[in-house]
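> What follows is a single structure, and I will ask about it in a moment.
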Amino acid sequence: MCLREGEAVRGALHTRRYRQFRKRLKRARTEAGLTQVEAAEQLKKPQSFVSKSESGEGKPYKCEPLIVT
């Protein structure tokens, strides 16, 4: 998830588009049967990265490759 050009970072965490992305992200992880820890291990990221990405505490302007299989 990356911001569109010109989209303000401050309001981005609360946009409808970003809320929908966070819901899809969590659903994909849980449907894959993964805990946050397991997903983080596969992504080679800390568990807090997964948690913050799902909760909206993460910063969407950092374009991180994120694949949940």
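The values are calculated or read from the model by the stated rules, or taken from the named source; none is laboratory data. Everything numeric in this text was worked out from a predicted model, so none of it was measured. When we count neighbours, we look across all protein chains shown, and the Cβ atoms used for this are built from the backbone with ideal geometry, even at glycine. SASA here: full protein model, heavy atoms, side chains in, ligands and nucleic acids out. Shrake-Rupley method; radii C 1.70, N 1.55, O 1.52, S 1.80 Å.
> Output the number of the condition that G33 fails; it satisfies all remaining conditions of (1) open to solvent by 50 Å² or more (accessible area, probe 1.4 Å); (2) in a loop (DSSP other than H, G, I, E, B); (3) modelled with pLDDT under 90.
Checking G33 against (1) open to solvent by 50 Å² or more (accessible area, probe 1.4 Å); (2) in a loop (DSSP other than H, G, I, E, B); (3) modelled with pLDDT under 90, the one that fails is (3).
> Say we look at the stretch 5-30 and pick out the residues that are outside any helix (DSSP H, G or I) and surrounded by 12 or more Cβ atoms within 10 Å (Cβ to Cβ); which of these is modelled with the lowest pLDDT? Let's see the steps before the verdict.
As a first pass, look at the stretch 5-30 and keep what is outside any helix (DSSP H, G or I): 5-8, 13-15.
Now restrict to residues that are surrounded by 12 or more Cβ atoms within 10 Å (Cβ to Cβ): 7, 13, 15.
Working: E7: 50, L13: 56, T15: 79.
Among those that are outside any helix (DSSP H, G or I) and surrounded by 12 or more Cβ atoms within 10 Å (Cβ to Cβ), it is E7.
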